[in-house]
Amino acid sequence: MKKILYSGLIAGVSLFIISYGGLYLAIRFFPEFFLLYNNPLFNSDGSRDILFYLHAFIISFALSWFWERFKSLFSGHFLLRGIEFGLIYALVALLPVMWITFSSLDITITMVASWFLYGFVQSVVAGVIFAKINP
């Protein structure tokens, strides 16, 4: 349990920094893309903002548990193990969620593709961290 919590915390901090640094850079370099978010679908009253900021930790602890359970199935260099882990997560979890999200909400394919890429990058980063600290 300690390994799951420790590696989840390290991955959570890393994903938090990468996520918000990446968001800042993305808004700075692709502001026209973020105009799509000026939509009532994405407006919040602020009461649940903390859930948004905790996302990096929630996903990290979930992926840490998943890693602990299935790490023996991944072999090779830690970078390759992390990439394979991220790819499996993206195909098994992200792809179906993005499919249903796109099919049920009035959003663009660009939004869904960016969310898929974002989730894939998160899972690869977490996988590399897990493979390094909890082989």
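Just so you know, all these numbers are worked out from the coordinates, no wet-lab data involved. Since this is a predicted model, take the numbers as computed values, not measurements. Here the Cβ is made from the backbone with ideal geometry for all residues, glycine too, and neighbour counts use every protein chain on show.
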- Within the bounds of segment 48-55, is there any residue that is part of a helix (DSSP H, G or I) and farther than 19 Å from Phe16 by Cα? no
- Note on the structure: Note on segment 5-20: residues within 15 Å of Phe66 (Cβ to Cβ) and surrounded by fewer than 18 Cβ atoms within 10 Å (Cβ to Cβ) are Leu5
- Val124: in a helix (DSSP H, G or I), aliphatic (A, V, I, L, M) and under 16 Å from Val13 (Cα atoms), yes or no? yes
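Criterion first (surrounded by 16 or more Cβ atoms within 10 Å (Cβ to Cβ) and either small (Gly, Ala, Ser) or more than 13 Å from Phe130 (Cα to Cα) (or both)) does Ser47 satisfy it?
Against the criterion (surrounded by 16 or more Cβ atoms within 10 Å (Cβ to Cβ) and either small (Gly, Ala, Ser) or more than 13 Å from Phe130 (Cα to Cα) (or both)), Ser47 does not qualify.
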- Query: Considering only segment 15-31, how many residues are under 16 Å from Met111 (Cα atoms), more than 16 Å from the chain's Cα centre (by Cα) and among the aliphatic types (A, V, I, L, M)?
  - Reply: 1
- Total residues in segment 102-124, condition in contact (Cβ under 8 Å) with a residue 60 or more places away in the chain and over 19 Å from Ile59 (Cβ atoms): 5
- Query: When you go through Leu35, Leu23 one by one, which is the residue that is surrounded by 10 or more Cβ atoms within 10 Å (Cβ to Cβ), assigned to a helix (DSSP H, G or I) and out of contact with any strand residue (DSSP E or B) (no Cβ under 6 Å at 6 or more places or on another chain)?
  - Reply: Leu23
- Could you tell me whether any residue of segment 105-115 is within 13 Å of the chain's Cα centre (by Cα), part of a helix (DSSP H, G or I) and within 20 Å of Ser14 (Cα to Cα)? yes
- Task: Collect the residues in segment 63-88 that are crowded, with 17+ Cβ neighbours inside 10 Å, of a type outside the set (A, V, I, L, M) and closer than 16 Å to Ser14 by Cβ, keeping them in residue-number order.
- Result: Ser64, Trp67, Gly82, Phe85, Gly86
